[in-house]
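Undergrad: Can you keep this structure in mind? I'll have questions shortly.
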Amino acid sequence: VNSRVTYVENGNIQGKVFLDNNYNGVYDEGIDRPLPRTQVIARGLVGITDKDGKYMIGNLYPEKYDLTIEPQNPLYKAQYDKYKVKVGQAAPVYLDIPVYPRKIVSGTINLESEILKHRYLKTLFLNVIDVKTGQNLEIVVPETDGYFTIENLTLGKYKIVLESTDKPGVTLLEKEIEVRPETEEM
């Protein structure tokens, strides 16, 4: 074959990981903060953000990749657990990833009498459900005094469903909450 092309370069994924302080999903100079030392992972290949929050994962074959991130600070969480990215041949794909602080919801399950508390509290648990996706995010077991903490919430609406191991699948109580940018702790 007579050709001047001796090789074809593979694609890459690059962008910026940043703390989105104004919750608009776009990096704003002077408002948002770049996140250094964050791992961006695509099928075992790792790119680590520099001091400006920039990363690049190179030498990727043209196909679809699931991209995940692992911030150095566990208090931060990306808006999505996975980003689907389609890489073309010899073409960069630009993907900026906004990161948000996790919010905390805590409370206490109160029962009317000490007898009920002693008998039933050890059987209770909370399902935390994302209203938008319907996905069950986690199960929280309260302490022996009824106190509970839910720590992995970002912006959005959630259902907290109280159930018992005595009657699984039967809702005893349901409460909907909304986590907003101004929410510090609820």
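Undergrad: Show me the trypsin sites (Lys or Arg not before Pro) within segment 104-133 that DSSP assigns to loop and that have at most 10 other Cβ atoms within 10 Å of their Cβ. Intermediate results must be reported in sequence, preceding the final value.
TA: Details: sites: Lys117, Arg119, Lys122, Lys132; in loops: Lys132.
The qualifying sites are Lys132.
Undergrad: Same structure, new question: Counting pairs of alpha carbon atoms under 8 Å apart in space and at least six apart in sequence, what relative contact order in percent does segment 71-134 give? Walk me through the numbers on the way to the answer.
TA: Values: 23 pairs, mean separation 18.6, N = 64.
RCO, segment 71-134: 29 percent.
Undergrad: Going down the list Lys51/Lys86; Lys117/Lys157; Lys84/Lys175; Lys132/Lys175, which pairs span over 21 Å between their C-alpha atoms?
TA: Violating the 21 Å Cα-Cα cut-off are Lys51/Lys86; Lys117/Lys157; Lys84/Lys175.
Undergrad: Counting DSSP beta bridges with both partners in the chain, what percentage is antiparallel, nearest 5? Could you put the intermediate results ahead of the total?
TA: Working: 47 of 54 bridges.
Percentage antiparallel, nearest 5: 85.
Undergrad: Using the Cα centre as the reference, give the magnitude of the dipole from point charges on the C-beta atoms of the chain (Lys, Arg: +1; Asp, Glu: -1; all else neutral), rounded to the nearest 20 debye.
TA: Details: 23 positive and 27 negative charges, 140 e Å.
Its charge dipole is roughly 680 debye.
Undergrad: Continuing with the same structure: Explain nothing, just the number: dipole magnitude of segment 102-186 about its Cα centre with +1 on each Lys and Arg Cβ and -1 on each Asp and Glu Cβ, in debye rounded to the nearest 20.
TA: Values: 11 positive and 15 negative charges, 46 e Å.
Charge dipole of segment 102-186: 220 debye, to the nearest 20.
Undergrad: Using DSSP to define loop residues, name the chymotrypsin sites (Phe, Trp or Tyr not before Pro) in segment 9-46 whose beta-carbon has at most 12 other beta-carbon atoms within 10 Å.
TA: Nothing satisfies the criteria.
Undergrad: Grab the Cα-Cα distance for His118 and Ala90, subtract it from 0.36 nm times how many residues apart they are, and report the gain in nm with one decimal. Present the calculation step by step, with values, prior to reporting the outcome.
TA: Numbers: separation 28, 0.36 × 28 = 10.08 nm, distance 6.50 nm.
That works out to 3.6 nm of additional length.
Undergrad: Another question, then. Hand me the GluC sites (Glu not before Pro) from segment 131-170 located in a DSSP loop with no more than 14 other Cβ atoms within 10 Å, in residue order please. Present the calculation step by step, with values, prior to reporting the outcome.
TA: Numbers: sites: Glu138, Glu143, Glu151, Glu163; in loops: Glu143.
For GluC sites (Glu not before Pro) across segment 131-170 that sit outside H, G, I, E and B with at most 14 neighbouring Cβ atoms in 10 Å, the list reads Glu143.
Undergrad: Just want the answer: with Cβ charges of +1 for Lys and Arg and -1 for Asp and Glu, which residue in Tyr94, Tyr83, Val141 is farthest toward the dipole's positive end in segment 79-162?
TA: Value: Tyr94.
Undergrad: In Å², and per residue, what accessible area does segment 37-186 have when probed at 1.4 Å with the other protein chains present? Walk me through the numbers on the way to the answer.
TA: Details: 9690 Å² over 150 residues.
I get 65 Å² per residue for this part.
Undergrad: Can you tell me the relative contact order of the chain? Whole percent, Cα pairs under 8 Å, sequence separation 6 or more. Mind showing how you got there, number by number?
TA: Details: 407 pairs, mean separation 34.4, N = 186.
This gives 19 percent for the chain.
Undergrad: Could I ask something else about it? Excluding ligands and nucleic acids, what accessible area in Å² is computed for Lys16 using a 1.4 Å probe, to the nearest 10?
TA: Rounded to the nearest 10, that gives 30 Å².
Undergrad: Largest first, what is the accessible-area ranking of Ser113, Ser164 with a 1.4 Å probe?
TA: If we order Ser113, Ser164 from most to least accessible, we get Ser113, Ser164.
Undergrad: Then there's this: Determine how large the accessible area of Lys157 is when every protein chain is in place; take a 1.4 Å probe and give Å² rounded to the nearest 10.
TA: 100 Å²
Undergrad: For segment 4-91, with only Lys/Arg (+1) and Asp/Glu (-1) charged at the beta-carbon, what is the dipole magnitude about the Cα centre, in debye rounded to 20? Could the numbers behind the result be given before it?
TA: Working: 12 positive and 11 negative charges, 54 e Å.
Dipole about the Cα centre, nearest 20: 260 debye.
The values are calculated or read from the model by the stated rules, or taken from the named source; none is laboratory data. Bear in mind the structure is a predicted one, so any value in this text is a computation, not a measurement. Neighbour counts run over all protein chains shown; Cβ positions are idealised from the backbone, glycine included. Calculation scope for accessible area: heavy atoms of the full protein, side chains included, ligands and nucleic acids excluded. Shrake-Rupley method; radii C 1.70, N 1.55, O 1.52, S 1.80 Å.
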